[in-house]
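Report on one structure; see the data block that follows.
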Amino acid sequence: MTDGTGEVAAEHTAVRVALWRALHLRADPPPYVIEDEVGLRLAGPGAGPGEDWRERPDMDVVGTRRMRASIVARARYVEDLVVERAGEGLVQYVVLGAGLDTFAQRRPDVGAGGLRVFEVDQAGPQEWKRQRLEELGFGVPEWLRLVPVDFEGDWWGQLLAAGLDPGRPAVVASAGVTMYLTPEAIRTTFRLVASLAPGSTLVSTFLRPVEDVEPEEQPRLRTAMKGAEAAGTPFRTFYRPPEILALAHETGFRKVRHVSAADLEKRYFAGRRDGLRPSRGEELLVADV
């Protein structure tokens, strides 16, 4: 992706997700589901020339409550799983469509402990992120592999060439990706991950159909769909939980489960007095090889 001048730039949805994680720390009271200031630093001052990022329409404190709750909940769930598995000896973690993911910067202790992290993304946005990591002093440690790919090409071969060992278990995370893919591309991705060594796990978000979403959230989802269409990245695929569970079984996973918004609410939002809770618009599939 370029910024219109030929220079590489971050993907706009990746910036928005990073800013929502930052907004969680500024708009919501503790306890925080996840604490991520690094994403804001990566996105850059104001997240745009002359901007105060908090004034962006998509950073409205009230209007984005459930969406940002979903974003921080999915990030925390994946992080908890990876840290738990790393403690059990896992050495490979793959982030598909990594965007401005900051696990490697926030949890260097896990990487230094033997975990190898593969961030897989489009070449342009990833080169932009590499430059920002250098500018901010994070750099790219040996255990973090930035894997630039063409998702329309042999991205799996590129990932293997970058050092992923299919004979050893891995956690593969795909957050905020499936809605942009065709059903055929999702099926292919699932089959590839299911071909990894036993003990591997896929954690993938999926977008539910508009009519499944809370009534008060449906207008926001429709607006997001129109915005994605206008940006040239339309939402292509929606699933209901039984459908994506069936797909995971069909593509070779041994054990599959649906992690609902209600499950995430019980796990990360119980006892909150501010009413912050995730939307059921985007939920999680966890599939074990």
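The values are calculated or read from the model by the stated rules, or taken from the named source; none is laboratory data. Keep in mind that what you see is a predicted model, and the values were worked out from it rather than measured. With ideal geometry, Cβ positions are generated from the backbone for all residues, glycine too; neighbour counts draw on all protein chains shown. Note: accessible area is taken over every heavy atom of the protein model, side chains too, but ligands, DNA and RNA are not part of it. Shrake-Rupley method; radii C 1.70, N 1.55, O 1.52, S 1.80 Å.
The figures follow:
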item	result
Filtered residues of the stretch 174-202 (kept if of a type in the set (Val, Ile, Thr) and in contact with a Lys or Arg (Cβ under 7 Å, 6 or more places away or on another chain))	Thr182
Matching residues, the stretch 132-182, being out of contact with any helix residue (DSSP H, G or I) (no Cβ under 8 Å at 6 or more places or on another chain), exposed (fewer than 14 other Cβ atoms within 10 Å of the Cβ) and touching a residue at least 24 places away in the same chain (Cβ under 8 Å)	Gly163, Asp165, Gly167, Thr182
Positions within the stretch 252-276 being touching a Lys or Arg at 6+ places or on another chain (Cβ under 7 Å), assigned to a loop (DSSP other than H, G, I, E, B) and either closer than 24 Å to Pro31 by Cα or among the hydroxyl-bearing types (Ser, Thr, Tyr) (or both), in sequence order	Ser260, Phe269, Leu276
Residue count, the stretch 43-52 (criterion: in contact with a helix residue (DSSP H, G or I) (Cβ under 9 Å, 6 or more places away or on another chain) and either open to solvent by 90 Å² or more (accessible area, probe 1.4 Å) or modelled with pLDDT of 85 or more (or both))	2
Residue selected from the stretch 116-143 under the condition out of contact with any Phe, Trp or Tyr (no Cβ under 6 Å at 6 or more places or on another chain) and aliphatic (A, V, I, L, M), by the criterion nearest to Ile71 (Cα to Cα)	Val120
Residues of the stretch 112-146 satisfying the condition of being of a type in the set (Gly, Ala, Ser) and in contact with a strand residue (DSSP E or B) (Cβ under 6 Å, 6 or more places away or on another chain)	Ala123, Gly124
Residues (in contact (Cβ under 8 Å) with a residue 60 or more places away in the chain, more than 20 Å from Ala43 (Cβ to Cβ) and of a type outside the set (Ser, Thr, Tyr)) located in the stretch 79-118	Leu81, Val82, Arg85, Leu90, Val91, Gln92, Val94, Leu96
Number of positions in the stretch 195-249 that are under 29 Å from Val82 (Cα atoms), among the small types (Gly, Ala, Ser) and in a loop (DSSP other than H, G, I, E, B)	4
Members of the stretch 244-289 that are under 18 Å from the mean Cα position of the chain (by Cα), more than 26 Å from Thr64 (Cα to Cα) and open to solvent by 30 Å² or more (accessible area, probe 1.4 Å)	none
